[in-house]
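Visitor: Let me give you the structure first, and then I'll get to my questions.
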Amino acid sequence: MTTVTHPDTHLVIHRAGPRIGAEVSGVDLTRPVDEATADALRRAFRDHKVLVFRDQHLDPGQHVEAVRLFAEPFDHPTARRHPDHELVYPYNVRHTGKAGTWHIGGLWRSPVFAIESLTYDEVPELGGHTLWADLQAAYDDLSEPFKRLLADVRAVYDGNPENYAQGSGKTALGETTVEHPVVREHPLTGRKGLFLSSSALGLTGVTPQEGRILLEHLLRHASSPDYTIRFGWRPGDFVLWDNEATWHYAVDDYGDGARVYRKVIGVEPLRTTA
């Protein structure tokens with residue numbers, strides 16, 4: 001890891017990969033965070049897109065306040081809520097199922113979630129890691145003619161939020177669909193990136209046959225190991241990621257082992273001062 005210490009704070013940013021991902025130490029998120037530290041955290045998040053905070057052991061309220069340093073916590077209309085906080089959504093994969101595909105959160109709405117975050121309560125003894133891929137780097141490596149082709153292409157997704165809640169059977173599509181461009185500019189940085197998920201129903205702006213070929217290529221390209229970072233977990237770990245610049249994949253290699261965590265979602269991300 002490459003390590004950077006932020007002046008005027010106790011933060012230490014341990015870069016975990018050449019493209020994305022960092023582990024953060026020197027901050028206790030169970031306590032109030034001063035504005036200088038909060039702004040340094042937002043800059044680190046902008047630069048690294050995935051931040052991991054080890055051994056924080058946040059309770060539900062602290063988890064919400066940690067997300068609030070970066071964005072406004074989101075009140076999900078269909079997700080099951082934690083009994084101790086209405087903005088916290090509990091998951092136990094033995095009951096809710098596993099998220100074993102490359103995906104982006106909140107595709108039923110526009111704009112999608114800015115941030116997703118997890119606090120881990122139980123993890124498998126071995127395995128159960130999570131992968132993130134940098135969709136902006138994946139876009140950068142496309143040829144210029146291909147980028148021009150994608151400028152007018154959009155992906156279609158199920159627009160029913162019920163089908164995105166914990167444990168949803170997703171047995172039928174909702175009555176509505178939503179479209180997102182497959183290339184979008186990040187609202188804070190302006191940097192372009194691919195924007196797609198394995199749940200795409202198809203592409204518009206091209207013929208159906210072209211769409212099938214194009215979508216298969218984009219999904220394969222964006223999930224290349226060249227763009228990924230991988231993290232493993234301990235109980236008490238806290239992670240948050242830029243849902244508008246990355247997509248993620250929960251590795252299903254742990255059988256019926258325990259994986260229990262809490263999610264808080266962020267919208268309307270806060271800008272840094274520099």
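The values are calculated or read from the model by the stated rules, or taken from the named source; none is laboratory data. All values reported here derive from a predicted model rather than from experimental measurement. Every residue, glycine among them, receives a Cβ derived from its backbone with ideal geometry; neighbour counts consider all protein chains shown. With ligands, DNA and RNA removed, areas are computed over all heavy atoms of the protein, side chains included. Shrake-Rupley method; radii C 1.70, N 1.55, O 1.52, S 1.80 Å.
Visitor: Of the residues in region 6-43, how many are open to solvent by less than 20 Å² (accessible area, probe 1.4 Å) and either under 18 Å from Arg271 (Cβ atoms) or β-branched (Val, Ile, Thr) (or both)?
Guide: Result for region 6-43: 8.
Visitor: When you look at Arg212, is it open to solvent by 20 Å² or more (accessible area, probe 1.4 Å), out of contact with any Cys (no Cβ under 8 Å at 6 or more places or on another chain) and not in a strand (DSSP E or B), yes or no?
Guide: yes
Visitor: Sort out which residues of region 95-126 are open to solvent by less than 20 Å² (accessible area, probe 1.4 Å) and out of contact with any Ser or Thr (no Cβ under 8 Å at 6 or more places or on another chain), and write them in order of number.
Guide: If the condition is that a residue be open to solvent by less than 20 Å² (accessible area, probe 1.4 Å) and out of contact with any Ser or Thr (no Cβ under 8 Å at 6 or more places or on another chain), then Gly105, Gly106, Val112, Phe113, Ala114, Ile115, Glu116, Ser117, Leu118, Thr119, Tyr120, Pro124 are the ones that fit.
Visitor: Yes or no: Pro161 within 29 Å of Glu175 (Cα to Cα), touching a strand residue (DSSP E or B) at 6+ places or on another chain (Cβ under 7 Å) and of a type outside the set (Asp, Glu)?
Guide: Spelling it out, it is not the case that Pro161 is within 29 Å of Glu175 (Cα to Cα), touching a strand residue (DSSP E or B) at 6+ places or on another chain (Cβ under 7 Å) and of a type outside the set (Asp, Glu).
Visitor: Exactly one condition in (1) assigned to a strand (DSSP E or B); (2) closer than 21 Å to Ser117 by Cα; (3) out of contact with any Ser or Thr (no Cβ under 7 Å at 6 or more places or on another chain) is false for Pro235; which is it?
Guide: (1)
Visitor: Restricting the first residue to region 207-233 and requiring it to be of a type in the set (Lys, Arg), which pairs with a second residue that is open to solvent by 30 Å² or more (accessible area, probe 1.4 Å) meet a Cβ separation below 6 Å and a spacing of at least six or different chains?
Guide: Cβ pairs passing all conditions: Arg230/His129; Arg230/Leu131.
Visitor: Would you be able to say whether some residue in region 67-83 is in contact (Cβ under 8 Å) with a residue 60 or more places away in the chain, of a type in the set (Gly, Ala, Ser) and surrounded by 16 or more Cβ atoms within 10 Å (Cβ to Cβ)?
Guide: Yes: region 67-83 contains one or more residues that are in contact (Cβ under 8 Å) with a residue 60 or more places away in the chain, of a type in the set (Gly, Ala, Ser) and surrounded by 16 or more Cβ atoms within 10 Å (Cβ to Cβ).
Visitor: Residue by residue through region 46-66, note down the ones that are open to solvent by 70 Å² or more (accessible area, probe 1.4 Å) and within 19 Å of the chain's Cα centre (by Cα).
Guide: Within region 46-66, Arg46, Asp47, Glu65 meet the criteria.
Visitor: What helices (runs of 4 or more DSSP H) lie completely within region 86-156 and have 2 or more residues being at pLDDT below 95 and either of a type in the set (Gly, Ala, Ser) or more than 22 Å from Asp242 (Cβ to Cβ) (or both)?
Guide: Where helices (runs of 4 or more DSSP H) fall fully within region 86-156 and carry at least 2 residues being at pLDDT below 95 and either of a type in the set (Gly, Ala, Ser) or more than 22 Å from Asp242 (Cβ to Cβ) (or both), they are 93-96.
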